[in-house]
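Laboratory data are not the source of any read-out in this text; all were calculated from the coordinates shown. Computed from a prediction, not measured in an experiment: that's the story for all the values here. Heads up, the Cβs are rebuilt from the backbone with ideal geometry, glycines too, and the neighbour counts pull from every protein chain shown.
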Amino acid sequence: MIQLDFSFYNWDVISNFVLKGLGFSVFLTFVATLGGIFFGTLLALMRLSGRKWLDLPAAIYVNGMRSIPLVMVILWFFLLVPFVIGRPIGAEYSAIITFVAFEAAYFSEIMRAGIQSIPRGQVFAGQAVGMSYGQNMRLVILPQAFRNMLPVLLTQTIILFQDTSLVYAIGAYDLLKGFETAGKNFGRPIESYLLAALLYFVICYALSWLVKQLHKKIAIIR
C-alpha cells in the first residue's frame, strides 16, 4: 500500500519551486488574455466587415486554430519559430507567442457573438449622428459587447489558466513543472501531482464562483 507523505512541502519548497511556476502560469494567462482579446477583436471585426478579402483569411485562421489541439500548436511553435528566425527563443517565450496566437481564435468568436448581440438600431443611431464605422464600433458597439461578454471572457480565461499546464510539453517552468521538480527532488512525485491537481482545482473553482457572482450582477443591471 502506498504511504503518502506531504511533510516535505514546507515554505522553502513552496517558495523555491511552486511559487516560481505559479508566477509564470499567472503571467502567461494574463498576457495571453490581453493579447488574445486584442487580436481576437481585430479578427472579429474582420469577419464582420462584409469584405471577403478580410473575412476569408480571418475565417481560415480562426477555424484552423480551433480545429487543432493546443498541445500540437505549442510543439509546432516551439520547433518552427527558432527554425524560421534562425535562433532559439526559449520555452517561455515560445509559450507566450503560442497562447496569444491560439487564444485569439477563441476570443474572436466570443467577441463576434458579443458584437452581433448589440441591436442594429444602435448602429443606425450612431450613423445618424454622423459617426464613422470606426467611431461607432469604438464608442458604442464594443463597450457594450465587452460588458455583455465579460462573464464568457472570464470563463475562457479560467480555461486558459488550466491549459497553461500544457507548456509542460516543451519544458517551460509553469505551475505543474514546479510541482514536478519538487517531487523529483524529494522522491515524492505522487504527492506532488496530487497537490498540483488540488491547487488547480481550488484556483479554478474560486475564479468560477467569482464569475458566477459577476454574471448575476450584470443580469440585474440589465
Contact order normalised by residue count of region 134-222, Cα under 8 Å, 6+ apart, percent: 28 percent
Computed FRET value (nearest 0.05) for Ser49 with Arg87, which takes r as the C-beta separation and R₀ as 30 Å: 0.25
Computed label-point distance, nm, for sites Phe6 and Trp76 using a 7 Å Cα→Cβ extension: 4.0 nm
Added length on full extension, which subtracts the Cα-Cα distance from 0.36 nm per residue, Tyr133 to Val26: 34.9 nm
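Could you tell me which trypsin sites (Lys or Arg not before Pro) in region 1-106 are loop residues by DSSP with no more than 12 other beta carbons within 10 angstrom of their beta carbon?
Arg51
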Highest-first arrangement of 193-201, 31-39, where packing means the average Cβ count within 10 Å: 31-39, 193-201
Residue-count net charge about Ile60 - beta-carbon cut-off 13 Å; Lys, Arg +1, Asp, Glu -1: +2
Full-stretch length increase - Val202, Phe186 - with 0.36 nm per residue and alpha-carbon distance subtracted: 3.3 nm
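With Kirkwood's inverse mean 1/r over C-alpha pairs for Rh, give me the Rg to Rh ratio of region 130-222, two decimals please. List each step's numbers first, then the result.
On the way: Rg = 19.7 Å, Rh = 16.1 Å.
With Rg and the Kirkwood Rh in hand, the quotient comes to 1.22.
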The chain - percent relative contact order, Cα under 8 Å, separation 6 or more: 30 percent
Among (1) 48, 38, 30; (2) 47, 39, 37; (3) 72, 50, 28, the entry that matches Cα extents along the principal axes in Å as calculated here: (3)
Listed residues Ile85, Ala196, Gly171: farthest to the positive end of the dipole of region 11-221 (Cβ charges): Ile85
Kirkwood Rh (inverse of mean 1/r, distinct Cα pairs), region 60-169, angstrom: 16.1 Å
For the chain, size of Cβ-based charge dipole, Lys and Arg +1, Asp and Glu -1, in debye: 940 debye
Neighbourhood net charge (15 Å Cβ-Cβ; Lys/Arg +1, Asp/Glu -1) for Asp163: 0
